[in-house]
Amino acid sequence: MKINEVTHKQLDEGPLDFAKKVGAGIKGLGQGFAAAGQPKQPVKPGANDLETAINTVNAKPNTGILGKIGGAFQGAKAGYQTAGDAQAQSAKIKTIAGQTLQKWAKYNQNVKTSTGADATPDQATAWFTQFIGKEPASPPPAGNNPVQIQQWLTKEVAGYMAQKELPEMPDISQLTKDELLQLKQRLQAA
């Protein structure tokens with residue numbers, strides 16, 4: 001590899017990050033190889049025309065060595081990419097938790113200055129509730145030392161981010177009886 005072929009992303013990747021992603025790629029290689037020998041699922045009735053056409057073409061199992069190699073390659077690629085995405089999300093959680101910890105430290109210093117003692121775990125819970133606008137998902141931290149607060153905040157930030165990632169379900173309370181029946185039929189057909 002020439003020096004001008006190295007990308008910025010490759011420079012940011014540390015040896016351990018790269019090793020983790022390669023390990024996930026190897027695991028995906030085995031999973032893809034195993035999945036390649038499995039027959040495709042049959043077409044379900046009620047699918048739209050495009051899905052039916054695609055599934056009909058793909059209905060044959062991936063037999064033969066080329067199908068297995070292709071499946072193994074796709075599995076390796078998916079495992080590598082998944083590991084990279086997970087690492088990026090972990091870094092994001094760590095950054096946001098660090099910023100939240102800084103805000104907590106300011107609050108804790110105000111409490112310490114006014115009372116002479118660090119804020120209690122219950123005060124941490126109350127502060128976090130006010131900070132995000134809802135109750136924390138887990139019980140208060142085990143104690144009030146910075147490591148315990150950081151671990152608790154990291155868990156809470158990750159949980160908060162996971163909740164934000166969930167798709168919102170549509171409000172079906174205003175649907176008529178006929179619309180609800182049609183929705184039920186579509187769901188059962190899928």
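Name the single residue, out of those in region 125-138 being assigned to a loop (DSSP other than H, G, I, E, B) and in contact (Cβ under 8 Å) with a residue 12 or more places away in the chain, that is surrounded by the most Cβ atoms within 10 Å (Cβ to Cβ).
Taking the candidates together, the pick is P136.
Test A119 against the stated conditions and say whether it is touching a Lys or Arg at 6+ places or on another chain (Cβ under 8 Å), assigned to a loop (DSSP other than H, G, I, E, B), of a type in the set (A, V, I, L, M, F, W, C) and without any contact (Cβ under 8 Å) to a residue 40 or more places away in the chain.
yes
Say we look at region 139-185 and pick out the residues that are surrounded by 12 or more Cβ atoms within 10 Å (Cβ to Cβ), outside any helix (DSSP H, G or I) and not polar (S, T, N, Q); which of these is modelled with the lowest pLDDT?
L175
For region 82-91, does any single residue satisfy the condition of being assigned to a helix (DSSP H, G or I), modelled with pLDDT of 90 or more and not hydroxyl-bearing (S, T, Y)?
Looking through region 82-91, none of the residues is assigned to a helix (DSSP H, G or I), modelled with pLDDT of 90 or more and not hydroxyl-bearing (S, T, Y).
Name the residues in region 160-190 that are among the acidic types (D, E) and closer than 30 Å to K94 by Cβ, would you?
E165, E168 - these are the residues of region 160-190 that are among the acidic types (D, E) and closer than 30 Å to K94 by Cβ.
The values are calculated or read from the model by the stated rules, or taken from the named source; none is laboratory data. Keep in mind that what you see is a predicted model, and the values were worked out from it rather than measured. Note that each Cβ is placed from the backbone with ideal geometry, even for glycine, and that neighbours are counted across all protein chains shown.
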